[in-house]
Amino acid sequence: MAVKFGTSGLRGLSVDLVGSVSALHATAFCRHLVDLGLSSGSPIVIGQDFRPSSPEIASTVMAAVARMGFKPVDCGTIPTPALALYGTSIGAAGLMITGSHIPADRNGIKFYRPDGEIDKQDEDAITRLARELATDASANLVETGSGEQAETEATGLFLKRNLGVLAPEALAGKRIGVYQHSSVARDMLVSMLEAYGATVFPLGRSDRFIPVDTEAVSDDTILLLAGWADELGLDSILSTDGDGDRPLVTDEHGLPLRGDFLGLLSAGFLDARVVATPVTSNSGLERDKRFEISRTRVGSPYVIAAMNEAIAAGRDRVLGFEANGGLMLGTDFSLGTKNLKALPTRDSFLPALAALGTAASRGLPLSRLVDDFKLPVALSDRLENYPTERSQALMQTLTTSRAALDDFLSPLGNVRSINEVDGLRLTLTDDRVIHLRPSGNAPEMRCYVEAADQNSARDLLERGLALIASWKG
């Protein structure tokens, strides 16, 4: 089985997930739910994205769920946070068929307990059970399944949650584009923005799956967004990744805002007290003294674990976010007369609303809002089709030999400090930062940088990627 758990859910090539592998892991998940005390006949909500392989995997999963004595509930093509919210509202576990932002030849499955997203202990248990069941013919049986239809209810619940976040007509007079591509959030975003009074321009809708990585927006996509912003005189453009749990928000020029900046805005907007975020998020976050920062490894399970630690210690107003912008609420938050229930899974809608609402209330364009925070300029990108064996060998070399590390980075500068929480985050003697990290979801090598200005950050990113690409081992 060429599939494994990554930073968020099970991932692998679509050809490997279609068929018995998805049946096996759905069966293992059901067995795990039984071990956790969930009774037979309980509902399990199931959603999917628009990848070509998702309908077949969803059908196989629903059949496996039914064979295990649970009740499959088909929530259709909806955002992952909408599926999670609906599941928790009816006390149901969940399965989301999605590869998120990775290419269409890959896919994945995200798993939810009735109380929220699974953690690393759950992942280990599901993996163990899948191994134990690997030779069981019934666990690997591929059948066509279906479930009770609940897309309308799940969609309505998620929209209701988001329509009380801002004041009525808060976005009146704003011209906002929605880059729809193949995101399952594309129609809900339009409905939500229009309900707040914005003039909305649906853009770039596609019947072909387009992978959009909100943490490393491609140059072609940036040009596309900038062209729309200029042509239509937009205040912002919103979009998400494929399954709608990572936001893409641009300023009035079509330039995407960093996901960790959206997280910072959200923390202020919600008056958070504790913020959990991975080590890859902007180092300037610690300058904001309104809340306590807890740094984690990359991946929503680690952020959720840090939030749970804070909650166990008696803290309230706890949230988390990733550098991709996905926002997680560990506790309930009061927002005026609105009470936002905890939703400990990535959400793209709330951070987008926090950004638009903050800019509108201050009467500022989004670009000015970014400038006012004066964070270090942070950029990131990735080398695709970088074999996992090669990335592991590179990291092994650099983490076990200081001489090799110094030699590798000599074209960029000298290392002052090293952080190995997740990958290799290096602060240079001139305060620039370069962070090397193999992707947990695909054969990719990621590079994150920080510098004092845009040109320096861009130069460091390009040179860092070039060093990674040229490494021979």
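Where a number appears in this text, it was derived from the coordinates with a stated rule and is not lab data. On a predicted model such as this, the values are computed, not experimentally measured, just so you know. All Cβ positions, glycine included, derive from the backbone under ideal geometry; neighbour counts span all protein chains shown.
Computed from point charges on the beta carbon alone (+1 for Lys and Arg, -1 for Asp and Glu), the dipole magnitude for the chain about its Cα centre is near 660 Debye. When +1 charges are put on Lys and Arg Cβ atoms and -1 charges on Asp and Glu Cβ atoms, the dipole computed for the stretch 377-470 relative to its Cα centre reaches about 120 debye.
Shown here for the stretch 381-456: GluC sites (Glu not before Pro) in loop regions (DSSP other than H, G, I, E, B) with at most 15 other Cβ atoms within 10 Å, namely E384, E420. Computed over the chain, the per-residue total of -39500 (n - 2.57) for DSSP H runs of n ≥ 4 gives a 222 nm mean residue ellipticity of -11500 deg cm²/dmol, rounded to 500. In this model, which of K4/K472; K120/K338; K160/K341; K120/K160; K120/K289 are farther than 21 Å apart at the alpha-carbon? Too far apart for the 21 Å limit: K4/K472; K120/K338; K120/K160; K120/K289.
Shown in residue order for the stretch 160-171 are the 3J(HN,Hα) couplings computed by the Karplus curve 6.51 cos²θ - 1.76 cosθ + 1.60 at θ = phi - 60°: 4, 4, 8, 7, x, 6, 10, 5, x, 6, 4, 10 Hz (x for Gly and Pro). Would you mind pulling out the separation of the Cα centroids of the stretch 279-346 and the stretch 39-68, in Å? If we compute the Cα centre of each part, the gap is 30 Å.
Ranking L95, V21, F111 by Cα position along the charge dipole of the stretch 3-156, where only Lys, Arg, Asp and Glu carry charges on their C-beta atoms, puts V21 farthest toward the positive end. For the stretch 150-178, backbone nitrogen atoms closer than 14 Å to the point 7 Å from L232 Cα along Cα-to-C-beta are found at 174-178. Would you mind telling me the antiparallel percentage of the DSSP bridges in the chain, rounded to 5? Within the chain, antiparallel bridges account for around 60 percent of the total. Only Lys, Arg, Asp and Glu carry charge here, each on its Cβ (+1 for the first two, -1 for the last two); on that basis the stretch 175-256 has a dipole of about 260 debye about its Cα centre. Place a point 7 Å from the Cα of D431 along the Cα-to-Cβ direction; which residues of the stretch 276-292 have their backbone N under 13 Å from it? Inside the label zone: 283-284, 287. Count the net charge of all other residues whose Cβ sits under 15 Å from the Cβ of A28, scoring Lys and Arg as +1 and Asp and Glu as -1. After counting each charged neighbour, the total is +1. I need the shape label for the stretch 377-470. Rule: rounded when a/c is under 1.5, else prolate if a/b > b/c, else oblate, with a, b, c from the alpha carbon gyration tensor. Judged from the Cα gyration tensor, the stretch 377-470 comes out oblate (a/c at least 1.5, b/c at or above a/b). Count Lys and Arg as plus one, Asp and Glu as minus one, and take only other residues whose Cβ is under 11 Å from that of L234; the net charge is then -3. Matching the structure-derived Cα extents along the principal axes in Å against the labelled list [x] 85, 74, 57; [y] 61, 57, 41; [z] 60, 57, 47 gives the label [z]. Computed over the chain, relative contact order equals 13 percent, with contacts defined as Cα pairs under 8 Å that lie 6+ residues apart.
Length gained on full extension, Q149 to V34: 39.0 nm, using 0.36 nm per residue less the C-alpha separation. Within the shell defined by Cβ-Cβ distances under 15 Å, the residues around I57 carry a net charge of -3, with Lys and Arg each +1 and Asp and Glu each -1. Structural descriptor for the stretch 1-160: relative contact order 33 percent, calculated from alpha carbon pairs under 8 angstrom and at least 6 residues apart. Per-residue 3J(HN,Hα) values for the stretch 251-268, derived from phi via the Karplus relation 6.51 cos²θ - 1.76 cosθ + 1.60 with θ = phi - 60°, read 7, 5, 9, x, 8, x, 7, 4, x, 6, 5, 4, x, 4, 4, 5, 4, x Hz in sequence order (x marks Gly and Pro). With r defined as the distance between the Cβ atoms of S470 and I293 and R0 fixed at 51 Å, what FRET efficiency is calculated, to the nearest 0.05? Calculated value: 0.90.
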